[in-house]
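Structure, as structure tokens:
The values are calculated or read from the model by the stated rules, or taken from the named source; none is laboratory data. What you are looking at is a predicted structure, and each value in this text was computed from that prediction instead of being measured. Counting neighbours? That spans all protein chains shown, and the Cβs are built from the backbone with ideal geometry, glycine included. When the accessible area is computed, the model is the full protein with side chains, heavy atoms only, and any ligands, DNA or RNA have been set aside. Shrake-Rupley method; radii C 1.70, N 1.55, O 1.52, S 1.80 Å.
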There are 2 protein chains.
Amino acid sequence: MPTAAFGFTVTHRDGAARRGVLHTPHGDVQTPVFMPVGTRGAVKALTPRDLEDVGATMILGNTYHLHLRPGDALVARRGGLHRFIGWPRPMLTDSGGYQVFSLGARRTISEAGVVFRSHLDGRRHELTPERAVEIQAQLGADVAMILDECPPSGIDEAAARAAMTRTLRWAARGRAHVERVRAHDTAILATNPGQAQFGIVQGGVFPHLRAESAARTVEIGFEGYAIGGLSVGEPVDVMYRVVEETAPALPDDRPRYLMGTGLPDDLVECVARGIDMFDCVLPTRNARNGQLLTRHGRMNIKNAAYAEDDRPVDEACACYTCRTCSRAYLRHLFVAGEMTAATLNSIHNLHFYLDTMRRIREAIEFGSFEGFRQAFHRSFSRTAIVP
Amino acid sequence: MPTAAFGFTVTHRDGAARRGVLHTPHGDVQTPVFMPVGTRGAVKALTPRDLEDVGATMILGNTYHLHLRPGDALVARRGGLHRFIGWPRPMLTDSGGYQVFSLGARRTISEAGVVFRSHLDGRRHELTPERAVEIQAQLGADVAMILDECPPSGIDEAAARAAMTRTLRWAARGRAHVERVRAHDTAILATNPGQAQFGIVQGGVFPHLRAESAARTVEIGFEGYAIGGLSVGEPVDVMYRVVEETAPALPDDRPRYLMGTGLPDDLVECVARGIDMFDCVLPTRNARNGQLLTRHGRMNIKNAAYAEDDRPVDEACACYTCRTCSRAYLRHLFVAGEMTAATLNSIHNLHFYLDTMRRIREAIEFGSFEGFRQAFHRSFSRTAIVP
């Protein structure tokens, strides 16, 4: 049962690729969309106006980090995440599960949920499907995610099945609890009455597990559906295959979100397989490490070859960084350890991602997505290092 | 002998305070002016557009840092500092002396100049009055400074005299050498034909030494004059006294620059004593340490009292940070160690400084500077901690 303010409309199709609009309480989002990651209430090294300038329309916040600091109750008392961080546009929060599962020895998983110790102060916390709903309701993003079990890459079928079936049981609990929150049947301070909840498909690399997970998650019923458990180390062609098999098993009238992916060519390939929403830390993390993305591939800006290179990072790029700065200057700032390097590099990389999404959307509208896709791959290589 | 493109006009006077315009090859600067410090070719944590947004019209670059990395010859081959860093407006470079003298055991001073070892790689460098001219000619800022001997605070009169007389001899050498550079009588690649050169008055806290230094520096003749050797640890009333005694000894038709000062009330007090130009790292350094400046005094944003404070840092402030962010959010970002905190805090502090200068200029224009000055001190206290 979609909430009043949330919805999704497919406006154009081109093969399996979809061009659509996500309607949220904080405005519409043109899809396919890439969401920059604002882990702790800020996309690292950027201000909200930098984000608007690069064309971000929807961003992601991390529930685990915000729950620990400053705390979701504090955020709720501030009126929710949008008001707290000064970002009036759409947002999505993850469930916190991915970070909690990454804690290794610091967490214990049971049917009830996950008990973990904070990476900040070692204090004990519990994350259950119900708590994940409540924390996200207090944060008040436009899309909340169910708590899922995120197994590592390379597990066998039995382990993948166990994680998948537990995710289904957690999804049912999460869905039941969100209905209680929506009915004001809890003590928590929900800050976004129009918040949607997305289910997550698990099942590792096993087609029949993915199929079962998709069917039973859809049976529970959510405003949108995510494909989880990918981009965790599996080969890229396996990831593409799982997306190709799973996306068509999800309802045509609901948004499909591929979590945590990926490189620019992954975005193109997964749009081709029917994905509408993406997020990934790569553009900003790489930026802080001096790795810039261009039409042709990657550029390590600290390379001595750029010391006297007066060209912009990408001559075809219209971002602020490329309009203002040479490779020589960006290299100098990076080598000198200036914080401004992280800002300028992040602006460029995010602009590249978001511009790629703009071009994808345009190609689908014009029915020329397949031509765009081939042209993109001819120009861009994930392994190429730009000279 | 001023160069063609450089000049200074006093447009209004109010007591000893002057309202003027500095004409430079990269445009006019309204004075009194505060110059944010872009140590290594960037004002830390900010982009050029952030600087324009806060109202910066002229910024400072550090010759010592830029000479070591990326190197002034490299910058000259890029067309000079303005083009290299993407800042098309006026700039000033210091001589590098202040940083070199701060190296302590890593430097040796003689009449020829200073031999020092780089803080980056230990390599030996020499900074002479002539080299300081050449390095700055290659960087190509609109104002270059002579190399002066910067003695520490608290020295006796003999030591102050020695540093002052050596500064005079170095000033004469620097002036002679800049004439050779302007006549294209050197091998270096000067990137700004309209670059001005400022002399520096030394003499510690001793009135007769300051008077002698001022008279003999003016005798050599420069496009502008700086007061150096202050804000190095002396009491603030001593600093004000030295400025009050020295400024009138400098030519009325040349800009007067007080180096490395200070807190906002210092700017007001030194404008009252006839200063036209200021620079200081305090607003940006304090910002990175979480110390924000407001109309009323200082605010340590990490203070737990701000955790749930939804007000902006300063309700009367029109900066981007105050228009967008609450104290609660800024505290969260600072405590979480987000780089965005440094950016947002720097925007606020620089805006506060630059807005103070705007108000100073307006007050002088309207002949109401003394009223402004009293109102400023009634509101702002350098020791007050905002609750």
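Summary of values
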| item | result |
| --- | --- |
| ³J(HN,Hα) computed for each position of region A:279-289 - Karplus, 6.51 cos²θ - 1.76 cosθ + 1.60, integer Hz, glycine/proline x | 8, 5, 7, 3, x, 7, 5, 4, 4, 5, 8 |
| Residues of type lysines that A:Lys302 reaches as a straight line, Cα spacing below 24 Å, ignoring anything fewer than 8 places off in the same chain | A:Lys44, B:Lys44 |
| Computed accessible area, B:Lys302, all protein chains, 1.4 angstrom probe, square angstrom | 120 |
| Computed over chain A: relative contact order in percent, which uses C-alpha pairs under 8 Å that are six or more apart | 18 |
| Rough spin-label spacing in nm, given labels placed 7 Å along Cα→Cβ, for A:Ala16 and B:Arg77 | 5.1 |
| Nearest-ten-degree value, helix B:369-379 long axis tilted from longest Cα axis of chain B | 50 |
| Value of relative contact order over region B:259-365, rounded to a whole percent, pairs C-alpha under 8 Å and six or more apart | 26 |
| Rounded to whole Hz, the Karplus (6.51, -1.76, 1.60) HN-Hα couplings of region A:109-114, x for glycine and proline | 9, 9, 4, 5, x, 10 |
| FRET E, pair A:Val115, A:Glu245, Förster distance 35 Å, beta-carbon r, rounded to 0.05 | 0.55 |
| Beta bridge orientation in chain A: antiparallel %, DSSP, nearest 5 | 50 |
| Whole-Hz ³J(HN,Hα) from phi, Karplus 6.51 cos²θ - 1.76 cosθ + 1.60, for region B:15-23, glycine and proline x | x, 7, 6, 10, 10, x, 9, 9, 9 |
| Exercise: per-residue mean of other protein chain Cβ atoms within 10 Å, A:333-346 | 5 |
| Nonlocal amide H pairs with B:Asp148, under 5 Å, H built at 1.01 Å | B:Gly97 |
| Highest to lowest packing among A:120-130, B:362-372, A:191-201, A:354-364, scored as the average C-beta count within 10 Å | A:191-201, A:354-364, B:362-372, A:120-130 |
| FRET efficiency estimate (nearest 0.05) - Cβ-Cβ, B:Asp28 to A:Arg124, R0 56 angstrom | 0.35 |
| Label geometry 7 Å along the beta-carbon vector: A:Pro251 inter-copy distances in nm | 8.1 |
| Listed residues B:Asp237, B:Asp148 arranged by accessible area, highest first, probe 1.4 Å | B:Asp237, B:Asp148 |
| Modelled FRET efficiency - R0 45 Å, A:Glu365 with A:Val238, Cβ distances, 0.05 increments | 0.90 |
| Rg and Dmax [Cα atoms of the protein assembly as shown; Å; Rg one decimal, Dmax integer] | 30.0, 92 |
| Helix B:157-182 vs. chain B, principal-axis angle (Cα, 0 to 90°, nearest 10) | 70 |
| MRE, 222 nm, helices only [DSSP H, n ≥ 4, -39500 (n - 2.57), over chain B, to nearest 500] | -12500 deg cm²/dmol |
